[in-house]
1. Please rank TYR443, TYR428, TYR177, fewest neighbouring Cβ atoms within 10 Å first, as an exposure proxy.
2. Quick check: from the Cα gyration tensor, does region 79-182 come out rounded (a/c under 1.5), prolate or oblate?
3. Just how large is the dipole of region 336-463 about the Cα centre, in debye to the nearest 20, putting +1 at every Lys and Arg Cβ and -1 at every Asp and Glu Cβ?
4. Share of antiparallel DSSP beta bridges in the chain, in percent to the nearest 5?
5. Which percent of Cα pairs goes in each bin when the distances of region 122-165 are cut into 10 angstrom slices starting at zero?
6. With an 8 Å cut-off on Cα pairs and a minimum separation of 6 or more residues, tell me the relative contact order of region 324-463 in percent.
7. Using the Kirkwood formula on the Cα atoms of the chain, what hydrodynamic radius do you get, in angstrom to one decimal?
8. Work out the charge dipole of the chain with +1 on the Cβ of Lys and Arg and -1 on the Cβ of Asp and Glu about the Cα centre, then indicate which of TRP264, ALA307, VAL155 is farthest towards its positive end.
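Derivation of every value follows stated rules applied to the coordinates shown; laboratory data play no part. Just so we're clear, the structure is a prediction, and the values are computed from it rather than from any experiment. So basically every Cβ, Gly included, is an ideal-geometry build from the backbone, and we count neighbours across all protein chains shown.
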Amino acid sequence: MTEKKSNAMWGGRFAAGPDAIMEAINASIDFDKRLASQDIAGSRAHALMLSKQGIITDTDAEAIREGLLTVLSEIEAGEFTFSTALEDIHMNVEARLKEIIGDAAGRLHTARSRNDQVATDFKLWTRDQFDAAISDVEALIRALIAQAEEGADWVMPGFTHLQTAQPVTWGHHMMAYVEMLGRDLSRFKDARARMNESPLGSAALAGTGFPIDRHMTAEALGFDRPTANSLDAVADRDFALEFLSCASICAMHLSRFAEELVIWSSAQFRFVTLSDRFSTGSSIMPQKKNPDAAELIRAKIGRIFGANVALMTVMKGLPLAYSKDMQEDKEQVFDAADNLMLALAAMTGMVSDMTANIDNLRAAAASGFSTATDLADWLVREAGLPFRDAHHVTGALVAMAEKKGCDLPDLTLEDMNSVHEAITEGVYDVLTVENSVASRTSYGGTAPAQVRAQIKRWKEVLG
Ligand code: ARG
């Protein structure tokens, strides 16, 4: 007992002896137990392949495969006792298998190593997260399209520098996020296709002399093919990094939209009303309704991008092939995936439930001289001015309106002519926000007709 106590020279602050500390730093079971079902699926495929190839007997393979199902049901029922001494999910499962089926369990690890095993398990788990991200992003896209459809011609201010720039349509703004999320979708799909190769059978690092069939296990586990280089296969965590980088960009998009929702739902903007389901009150200020879900979504990029940086940093400088450093991969991806899915679900709920305050949007769109560009364009089109001159004339009119404390459409024709004599009554047609947005019919522009065309295209894409 005494020699297990902390080392007299350096262990003053450690209650436990060095072996216990080693166990604590080495064990991954506390988190990699999340890979249980993938571990068992991988082992079942491996056992079947070993027997098909005549490497173990059919009887042993059957006992292993059945026993693994028992282990799985114990884990799923919460009846399994995970042991830190057994380090990780792979050894916990195998040890329990031995208790259940006896010595045949020892044949399961023929022609494989924990290195290809963990790579396989973690790939299977991450692949599920790619699939979840793909369907959750799609759900959010659908919610945005529903908003866009309803408000294809609702007018709101478009901003640059968060200063009123030009009127845009609600539908156009929603569809901007559809484009961003559409790129996320294609990134997740692209990375998912690239990662779908099976590391199983790469063994420790060099492959194996046993006559295994890697194509068979790859197919059984839904991989497109086996990996082509055993050193790379056990050393590769690109799939996790690609998930984290796709997730980071996606979370960044969510964060930008969340920020807009925080601004839009403020008393100063009142562009949207968020539903009570996604807001909270204040414990002290009774009037408050806080956009907590949006704020938390805005924050998620912090931990998701943090995970990306963390794993990238873990992997840099690692010599081939496997190093224990790589055990630090899982918690980052687990946390990032959990939080990405949560953020996507919360955003989808918020978007589906939010109400646009159409009158406030329109009023805000009409203020801040938002149709100044339309006026300048009119001068180019109708009065033949070069754009630079038209810009100058419009600037003078904006200054005049500002001085008078009115908006551009409130200036009289006399006012206008005092700045430029070529201006006629016709100019008032382009100064309304409705006409402004309707005129922006260039491909991808804010005109309701363009927005509807993009909605139609997206609906076809999603099927
Ligand atoms: N728990 C380990 C991990 O997550 C499994 C692989 C261990 N391999 C080894 N050679 N120690 O990376």
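1. Details: TYR443 7, TYR428 17, TYR177 22.
Ascending number of Cβ neighbours within 10 Å: TYR443, TYR428, TYR177.
2. On the way: a/c = 4.60, a/b = 4.16, b/c = 1.11.
Prolate is the answer for region 79-182, as a/c is 1.5 or above and a/b outweighs b/c.
3. Numbers: 10 positive and 17 negative charges, 122 e Å.
In debye, rounded to 20, region 336-463 gives about 580.
4. Working: 10 of 12 bridges.
Roughly 85 percent of the beta bridges in the chain run antiparallel, per DSSP.
5. 23, 24, 26, 18, 9
6. Working: 88 pairs, mean separation 25.5, N = 140.
Relative contact order for region 324-463 comes out at 18 percent.
7. Values: mean 1/r = 0.0375 Å⁻¹.
This gives a value of 26.7 Å.
8. ALA307
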